[in-house]
Structure formats: structure tokens, C-alpha cells
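Everything below concerns the one structure shown next.
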Amino acid sequence: MNKGFEPNIVGFACNWCSYAGADLAGTSRIKYPPNIKIIRVMCTGRVTPAFILKSFQSGADGVLVAGCHPGDCHYIAGNLKCEKVMEVTKRLIDILGIGKGRLRLEWVSASEGGRFADVVKEFTEQIRELGPFLEKSQG
Amino acid sequence: MEPEEIRIGVYICHCGINIAATVDVEQVRDSASQLPNVAVSKDFKYMCSDPGQALVRSDIEENDLNRIVVASCSPRMHEPTFRNTIQQAGLNPYCLEMANIREQCSWVHEDKASATDKATKLVSAAVAKALLLEPLEEKEVEIKPQALVMGGGIAGIQASLDIADAGFQVYLVERDPSIGGHMAQLDKTFPTLDCSACILTPKMVEVERHPNIDLLSYSEVTEVNGYIGNFTVKVRKKPRYINMGRCTGCGMCAEVCLLKGRIPSEFDLGIGKRSVPYVPFPYAVPSKYTIDAERCLFLTKGKCGKSPACKEACTADAIDFEQKEEIVELDVGTIVVATGFDLFDATEKPEYGYGLYDNVLSGLEFERLVSSSGPTQGKIVVGGKEPRDVVFVQCVGSRDKSVGNEYCSRVCCMYTAKQAHLIHEKLPDARLTIFYIDVRAFGKGFEEFYDRVREEGVRYIRGNVSDIIKKGDRLMVMAEDTLVGEPIDVEADLVVLATGIVPRVDVKELMRLLKISQSPDGFLLEAHPKLRPVDTASDGIYLAGCCQSPKDIPDTVAQAKGAASSAMTKMAKGKVKVEATTAFVDAFICRGCGRCVEVCEYGAPELQEAGQGVLVSEVNDSLCKGCGACAVICPSGAISMKHFKNGQIFSQIEAVI
């Protein structure tokens, strides 16, 4: 249905686990679709709902937030704080009509290069299914 | 004063062909040159090379550049390099932004057009952020001249001695009653056949005697807080029920214990037996007894005969059943992690019959059996008889995806060759067979030793063992000889499994304690696999020995010396620069609600009276770790994260899409 549609995905990855996991996917030469572009933050606890809204406002079709597994956070519990913030953000973007399926929070450790690639592949497919968020005419 | 005009230099790295093969570097460079405030846009074969860095420095001077964007590998790799480069040219190190177009672009994508498009966007996001970057001041903190070493095996012992010899105070924490670790359990060491105890004990004694080493045995680290230079550590000293000051190590308590000879000795892996009060092995350090609280009749049942015999027998009055655990707090500047490994549990390979048949032993059990300080005084006796046929099985729990261990344990080929040699020495008529997949004899003197063992008549058969079954009171080892492609059965009186090295069972707890990561194989993760093999991602925490990956004794000692040297370099300098990316509060906007105080894990923000009952939050820079949770929770937007401000990230978002 959405053939030829290449979604635009913004990723927020924490410096210690998921950004390192994404780097490991690279070092291991594990391939994944180029639709995601990652912005590095020190901790997912830094990701405010405004970052998510700004992404969609700027034309993103999906946003992936990736942090350390529970218990592994470099800052004790920033990832769990992020989880709470993301729950609220999902409700918010649902109300706004963006649809909560366009936002995903995942835990990816520094050793999970393969898992990072899998998450990106799967999420890219999910957004491809959902189709573009803003039509070109509106954007 | 007029605001400074921002002049950005953009540098796109080819990384040989690592980037250039998948990303059209010239196209990225040309697009970047069109972006606002970009004064210079260049590409170069290797940006991290000397000429690459020199190019940036000369451009800064000649073109008055004040912000630099380098598009190359991950900032986790070369951000420190380029921060240093621009600092040399007089710029603030935080005026650098990197675009990760290698690990997160050229290496993971195949289509050149879309990879180039992505790289272009990543670069424009970096330029957008560079436009808003602010110079930051790096604070210096003092490094306490004390180190914590976790684990008293050969790695921890060597690291402790090196650091202590350099004049720094060391706290060596060992969970067992004695230091020594696995090396203390070995008989001879390959390939030189040095007696393990003979080379280890002098070092153990040196640890005990060293004026700069504080040995906390039978103790565990329970809490680690802080950061490089200023860690605070809590250590739980488990009760030994023995007064360490009084115990002379005479052993009378063990002699009279009602359960003497009935408790399996951990050190001898259950082959030997001990009493409730015990020293793990004769040359233990400290040479003091410990009462096994879980087995002691008096401590578990409240009653042991009329009164505990050990207490009566102890002429030094050292036994103290009232002893309680103690929590000790330590302040240290650096930490060396040397927590070692576990042995692969061979019951995970039920086809080998381990745990089922008494004459199937693990590699370490055989070490105890053959050791002259072991339960049989070194006599190789199985089921009351000397074995005539012995079979060794290599790669048990290593190089085996079915148990989740893809890696090679690196010591088993050689310890098996050594064990075969030891049997040959003691029982020259024994027939010895080794089943192997590949023999890895890569170290100094290894190949020569392997040759020697083969010349002694040990039969090497390339093949996987599929089953070990009972045949009378002997064993039948069934395998396939993969060189001739035929099944082969070998009868044996004793089978020794070359059990591999696995991460410690509690490695996750350790990771949480220290906020460090593990690699895909489960061992602790170094900061860089090639160039920072003893560092971790957390500054001030270093790795030594098998906690990082399987290795033999010389490699362990070398890494321990490396970890010690890293710790000493920091402590000798006495000061370290800490990240300047901390939170700060705009006092005019802050309404003093205190949400930041609640959310912070480190107690960095504090409410301060700003006159007349007005509260505002203030962040203590040296406590702030820069996670940014306070900037998210702040309802009035008064708190920002330096280097990760809302505006900076917004502009990245706009540019990246």
C-alpha cells in the first residue's frame, strides 16, 4: 500500500548503552535500513516530550527512543524515568492524532548490536505500514 | 559587545574506503558548504591522522573558524582526539560537534545514494548544533590517592602490588576467606611446568605484608557511588566468628570440630573434606580460620555437644560466636575490577555424564586430584585404582553455540596438554587420548610444549565426543574421528573434561554496582577492544584478568599491570578534568518548586533561599553527572543541560529530517 514510501525516523539513543549498541552494529557490519538518524543524548532521561513533538512537527514519521535495560542505567534510573515520560507522551500523541504507534521505546545494551539492527528493521517496517505522518502538501 | 560571528569548519573523513566506499564524500562536502555559517568544508582521507588534524588547526587560524564539525567515526571513538585538536588551536574543546557517518551510516548501509543522503543529513544536524554550541569550562577535581581492587586472584594481587609499590594506598577486597583465586587451585602451570603455588604464594605473602595494602578478606563490595577521583565504596565484612587479632592459625579448632572431615572442601571442589572452622588451603592468606556459619551446629541449631569443642580448644580465645557483620566505608580515587571467572558447569552437557559418573572430572577437579597439596597428595587414583586409560575431551562449554558460548576459552588446549603430561610423568604406562576440535597453541612456548606432549605418546584424535556411557566399572567414550570420517569408541577409566571459562554467575550484579557493561560473550566490556583494553566506559574503573575475557596467567598478569598503570597514571597526576556538561538553573525563571531536587539521584540541585522566603534551585557542579533528568521534569523550563540544551537538540531534529 505504501510502496515506495521511505519513512523518516528520528532516533534518540543514550550514550552509554544504545548509542554504543548502534556503534557495535556498525563495527560488526550488521545491515539495517537507512531511514533512522540518531541524535545522541547522554541518557534517555534527557528526552522530553518536546523532542518527540518537535520531531513530528518537523516531519518525522516515527520516533525511536533507545536506552539501557532496566537496572543498567549509567545514571541509576534515567531509563525508568524516561519510560514514565514516554507513557505520557504516547497518550499525548494519540490525543493529538499522531498515533502512539509512531513512538517506540526500546532497551538496547552496548553489547546488542544485532538487536539494535533488528529493532530498527522492525520499527521501520511498522512505520512503513502506518504510512507518512504528514502529507507533503501539509508539510 | 557584538555577538561573535559563528564561522564553522566542516571536515568529512573518507576513513580510507571505510566511509568513502558507501558514502559519496565529495557530495556531502559540497552540500555542507551551502549550509549557513559554514566557512570551510573539506574532505580528507584520514581526519584523525596527523595531517588531518593539522588541516583543522591551520584552517582555524587562517579562516578564523570558531566551531568545528568532523564527520567521521563515532564520537565515542574520536571525540577526545578532535577536542584536543581544536584546543591546541585555541578553541574551547566543546566547540566541536561530530557526525557519526561510519558506525551509524557507511558500515550499516549498502545503497550509496541513500547512505549519502543520510550522511548529508547527519552532517547538517551537526552543523545546526554547532551553530548553537557554547564554550564550556571543564572543572578539575582532585583524585584521591587510594585504589580499590576487587578480587584477590592473581589479577587483583598483581594490580594491588603494583599500585601499592608506587606509593598509593590499596584496599584489596576478596569475598573468600583467602586470596589466591583459581590460580591457587592449580597444580603445575603450562607450558613451563612451574608449580602454581610456588610462584603464587610469595606474592600472596607480599600482599599481606605490604604497608600500603589493606586486605579485606571474606568481604564484599555492596555499594559504589561517585566518579573518578572520588568514589565512595561500602564493603560488607562478613563475620568469621573468629577474632582475627587473636587467631594464631594453629588449627586446634578444626581438629576438635564434631563435623571434622564431613564437610566438602570448596577449595578441593568436594574431593576433599574439611571441618566447620577452616582455612581454605594450607598456604592461605590471611592464615586465619573462618567458621562456616551455614554448617556450624552451634550457629544453626544453637547447640553443639555440651559446649562448642572449638571454643574450648582455642587457647588464644579467638572464637567469638557473637561477631556481627560490619560495614566499612572507603574513599578511593580509582577502582580495579579483577573479579575473575566461573568454570563452565559440565552438567549442561549431559551427554558427557558429568555428575553422573564419579570418574568423569572437570579440568579443575583433575588439578586438585593431581596436586601434591590436594586431597590425594597428588596420587592419581580413581575408584581406588590407578587409571590405565585416560580420555580428555576438549572444548567443553567453549566454542559451543548449543550452550551459548561461541568464544574460545584460550586455556583448555594447553591445560589439557599439561594434564596429559602430568599423568604420563606419574603413570608412564597409562594410555592417553585427547579428543580435540582444533589445537590452539598460540602463546610463547605453547607449540613447543604441544609437540613435546605428542612425542610422549599422547594420542590426539580430531573429533567431537557424542556420548560417554558406563561400561562395567569403566567408561566408553563414543566419538567421530573427523579426519578419517569414521566413528571411534575408546574405553577409559578416567575422563577429564576440558571445562571452559564463563563469566561469573553474578556478573549482572557487578555491572549494576559499577555501572559498567558486558560484551556479547557476557564478560565485562572494555572501552575499546584494541586500544583501551583495560579501561571501561566509566572513567576511573579498570579491568584486569578473566572478568574481561578468558586468558591465561601471563596475559592476566600483563593486563593487571596495565590496569594498575592506568589507575596510577590518574592518581599520580592527582587531578582530573570532569565533563563540563552539567545542568544549570536560570534563577529568574526558577520558581523553587523542588521537582529537580526530587528527581536527581545525586543530590546535585538544592533549594537555596534567595531572600524574603523566595526559593531557587542551584546545581552543585561537582555532584551533577549530566544525565538531564532535571531538565525534563522542570515545569518552568528553568533548568537546562549544557551541551544538550533544548534549543540545540531542536535544531538537530529540524536538520536531520
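The values are calculated or read from the model by the stated rules, or taken from the named source; none is laboratory data. Fair warning: this is a prediction, and the values are worked out from it, not measured in the lab. Here the Cβ is made from the backbone with ideal geometry for all residues, glycine too, and neighbour counts use every protein chain on show. Heads up: the accessible areas ignore ligands, DNA and RNA and are worked out on the full protein's heavy atoms, side chains in. Shrake-Rupley method; radii C 1.70, N 1.55, O 1.52, S 1.80 Å.
Points to keep in mind about this one:
- Taking the C-alpha atoms only, the angle from helix B:112-131 to the longest principal axis of chain B is near 70 degrees.
- C-alpha long axis of helix B:446-455 to longest principal axis of chain B, angle in °: 30 degrees
- Mean per-residue shielding of peptide B:99-105 is 6, counting Cβ atoms of other chains within 10 Å of each Cβ.
- DSSP beta bridges in chain B [antiparallel fraction, %, rounded to 5]: 50 percent
- Peptides B:602-612, B:532-542 ranked from most to least packed by the mean count of surrounding Cβ atoms within 10 Å: B:532-542, B:602-612.
- Under 15 Å of direct C-alpha separation, and excluding same-chain neighbours fewer than eight residues apart, B:K418 reaches these aspartates and glutamates: B:D187, B:D194, B:E365, B:E367, B:E447, B:E448, B:D451, B:E455, B:E456, B:D552.
- Legend: mean number of C-beta atoms from other chains within 10 angstrom of residue C-beta atoms, peptide B:505-515, equals 2.
- Computed over protein heavy atoms with a 1.4 Å probe, the accessible surface of chain B works out to 43 Å² per residue.
- Rounded to 10°, Cα long-axis angle of helix B:553-573 versus longest principal axis of chain B: 40 degrees
- Cα extents of the protein assembly as shown along the three principal axes, largest first (Å): 89, 75, 53
- Accessible area in the full protein assembly, largest first, 1.4 Å probe, for B:E79, B:E140, B:E509: B:E509, B:E140, B:E79
- What the pair-distance distribution of segment B:583-641 shows, using all Cα-Cα distances binned every 10 Å from zero, is 27, 60, 13, 0 percent.
- Computed on protein heavy atoms with a 1.4 Å probe, the accessible areas place B:F584, B:F366, B:F190 in the order B:F584, B:F190, B:F366, largest first.
- Note on B:70-76: average number of Cβ atoms from other chains within 10 Å of each residue's Cβ is 3.
- Protection proxy ranking of B:127-136, B:495-504 - average other beta-carbon atoms within 10 Å, highest first: B:495-504, B:127-136
- Entry note, chain B: the mean residue ellipticity at 222 nm calculated from DSSP H runs of n ≥ 4, each adding -39500 (n - 2.57), is -8500 deg cm²/dmol after division by the residues and rounding to the nearest 500.
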